[in-house]
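Below: one structure, written as structure tokens.
The values are calculated or read from the model by the stated rules, or taken from the named source; none is laboratory data. Bear in mind that the values here come from a model prediction, so they are computed numbers and not experimental data. Counting neighbours? That spans all protein chains shown, and the Cβs are built from the backbone with ideal geometry, glycine included.
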Ligand SMILES: *[C@@H]1O[C@H](CO)[C@@H](O)[C@H](O)[C@H]1NC(C)=O
């Protein structure tokens, strides 16, 4: 009897986790601000960066050089939907669907660059990119529909948030990053790089696969040059 009750408890506990993946008994990634080195980057390769400044609710990083394999611009009303579609193409790519039939190690983060579009449906344009591991950077295998982006030195203002990325949250997180930067020496540089479009041009970086539901970490990035 007791064992049966215990089983019942376990089953319902599991079900409650599955139906609400962010409410587990473990400490959730602290929301807002920046206080974590991405845990994923202890397991798989991530681009290295230097932390230039830590502010209230944000961090400024410098990436010296990074190479990305990127989708064509995707028109969508949903960042989540566009990222899923883009990631499927990139997943095929690393599984060997490329001109060299070469398998490529998984890396993090997967980034989605957001920019507004003139479409009639309030659509945005999204480019989804995979960070190319160092061993492949000199000669990333080409693939139909994908292109290489080589970034020179770039500064990034970063805000971290947890959970699964939802369309209803990203705008708010980007606005919070923008607010935390206001009045700092960085906001001038960011506005110079983005013109009047800071609030609609940003990047979402995701460090976990959709199947991980513990300690998920995402970031909003404003990239800029000094
Ligand atoms: C980036 O470049 C600077 C200047 O050359 C160097 O001091 C720094 O260590 C580099 N950082 C990384 C993460 O490679």
Query raised in the report: Residues of the range 40-67 being closer than 15 Å to residue 105 by Cβ and in a strand (DSSP E or B), which ones?
Result: 45, 67
Query raised in the report: If you check residue 104 against the conditions, is it under 25 Å from residue 37 (Cα atoms), in contact (Cβ under 8 Å) with a residue 12 or more places away in the chain and either out of contact with any helix residue (DSSP H, G or I) (no Cβ under 6 Å at 6 or more places or on another chain) or not in a loop (DSSP other than H, G, I, E, B) (or both)?
Result: no
Report task. Among what's in the range 46-58 and is closer than 25 Å to residue 87 by Cβ and surrounded by 16 or more Cβ atoms within 10 Å (Cβ to Cβ), pick the residue that is farthest from the ligand (Cβ to nearest atom). Result -> 46
Report summary line: When (1) crowded, with 18+ Cβ neighbours inside 10 Å; (2) touching a helix residue (DSSP H, G or I) at 6+ places or on another chain (Cβ under 6 Å); (3) over 22 Å from residue 67 (Cα atoms) are applied to residue 167, the one that fails is (1)
Query raised in the report: Are there any pairs, at least 6 apart or on different chains, whose C-beta atoms fall under 9 Å, with the first in the range 43-58 and free of Cβ contacts under 8 Å to residues at least 24 places away in the same chain and the second in a loop (DSSP other than H, G, I, E, B) and within 11 Å of the ligand (Cβ to nearest atom), and if so, which?
Result: 48/64; 50/64
Query raised in the report: Quick one: would you say residue 83 is outside any strand (DSSP E or B), within 12 Å of the chain's Cα centre (by Cα) and more than 12 Å from residue 142 (Cα to Cα)?
Result: yes
**Report entry** Any hit, the range 60-79, residues being modelled with pLDDT under 95, exposed (fewer than 14 other Cβ atoms within 10 Å of the Cβ), within 16 Å of the ligand (Cβ to nearest atom) and within 16 Å of the chain's Cα centre (by Cα)
**Finding:** no
Requested in this report: Give the residue that is farthest from residue 54 (Cα to Cα), with candidates limited to residues of the range 176-226 that are touching a strand residue (DSSP E or B) at 6+ places or on another chain (Cβ under 6 Å) and free of Cβ contacts under 8 Å to residues at least 40 places away in the same chain.
Outcome: 193
